[in-house]
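Enquirer: Below is one structure. I have some questions about it.
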Amino acid sequence: MLVTHDRYLLDRVSTVVLGLDGQGQAEDFADYSQWELWQDERRQSEKILPHAASRAKSQDAAPAPSKKKLSYLEAREFATIEDRVAEAERVLQAKREALEDPAIASDATRLLGAHAEMEVAQDAADRLYARWAELAEK
């Protein structure tokens, strides 16, 4: 996660920009400029239909669903997920270091294999983070 005021750095480093709308909602964007366009479009649509938007918000306001309790298996999973995430991050870091090895960088076949392994490790870490967030919400 990166929080910065430097838009250029944000566009160069990030793969996904999580844009907040200021009303409790968030959207995924490819870069900062895409988020800016989305914000401008929202502002324009709110200027055109301010009464319709306020009516829709009041009608959509439903009571928040009650939090569900973790099941026994989910509680056990939640108790160990932090260690599993840390291990996944260690594996991912090792795969990144292997990818940056100059000996591998000069061999296209090994480089492709190392890149594929790093992507698999990244996907595994992402899935664990998503599951961790899901369990934390409950």
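The values are calculated or read from the model by the stated rules, or taken from the named source; none is laboratory data. Please read all numbers here as calculations on a predicted model, not as lab measurements. All Cβ positions, even for glycine, are placed from backbone atoms using ideal geometry, and neighbour counts span all protein chains on display.
Enquirer: Could you check the range 94-118 and list, in sequence order, the residues that are of a type outside the set (V, I, T) and either part of a loop (DSSP other than H, G, I, E, B) or surrounded by fewer than 13 Cβ atoms within 10 Å (Cβ to Cβ) (or both)? Reasoning before the result, please.
Expert: So the first thing to find is which residues in the range 94-118 are of a type outside the set (V, I, T), and the list is 94-103, 105-108, 110-118.
Across the range 94-118, the qualifying residues are E97, E100, D101, P102, A103, A105, S106, D107, A108, L112, A116.
Enquirer: Let me ask you something else. Answer yes if at least one residue in the range 119-127 is out of contact with any Pro (no Cβ under 6 Å at 6 or more places or on another chain), outside any helix (DSSP H, G or I) and more than 30 Å from L70 (Cβ to Cβ), and no otherwise. Give the steps one after another, and end with the answer.
Expert: Of the range 119-127, the ones out of contact with any Pro (no Cβ under 6 Å at 6 or more places or on another chain) are 119-127.
So of that shortlist, the ones also outside any helix (DSSP H, G or I) come out as none.
Taking every residue of the range 119-127 in turn, none turns out to be out of contact with any Pro (no Cβ under 6 Å at 6 or more places or on another chain), outside any helix (DSSP H, G or I) and more than 30 Å from L70 (Cβ to Cβ).
Enquirer: Can you run down the residue pairs with Cβ atoms below 8 Å, 6 or more apart or on separate chains, where the first is in the range 71-98 and under 16 Å from L135 (Cβ atoms) and the partner is loosely packed, with under 12 Cβ neighbours inside 10 Å?
Expert: F78/A136
Enquirer: Determine, yes or no, whether K69 is loosely packed, with under 10 Cβ neighbours inside 10 Å, of a type outside the set (S, T, Y) and modelled with pLDDT of 80 or more.
Expert: Working: loosely packed, with under 10 Cβ neighbours inside 10 Å: yes; of a type outside the set (S, T, Y): yes; modelled with pLDDT of 80 or more: yes.
It is true that K69 is loosely packed, with under 10 Cβ neighbours inside 10 Å, of a type outside the set (S, T, Y) and modelled with pLDDT of 80 or more.
Enquirer: Starting from residues that are within 20 Å of T4 (Cβ to Cβ) and among the charged types (D, E, K, R), keep the ones in the range 17-50 and report whichever is modelled with the lowest pLDDT.
Expert: D21
Enquirer: Just for the range 1-28: of the residues that are under 22 Å from A125 (Cα atoms) and acidic (D, E), which one is surrounded by the fewest Cβ atoms within 10 Å (Cβ to Cβ)?
Expert: D28
Enquirer: Hey, among E117, E100, which residue is among the acidic types (D, E) and modelled with pLDDT of 90 or more?
Expert: Details: E100 fails: modelled with pLDDT of 90 or more.
Going through E117, E100 in turn, just one is among the acidic types (D, E) and modelled with pLDDT of 90 or more: E117.
Enquirer: Report every pair of residues separated by at least 6 positions or lying on different chains whose Cβ atoms are under 8 Å apart, first residue within the range 1-25 and under 22 Å from R42 (Cβ atoms), second of a type in the set (G, A, S).
Expert: D11/S33; V16/A30; V17/A30; L18/A26; G19/A26; L20/A26
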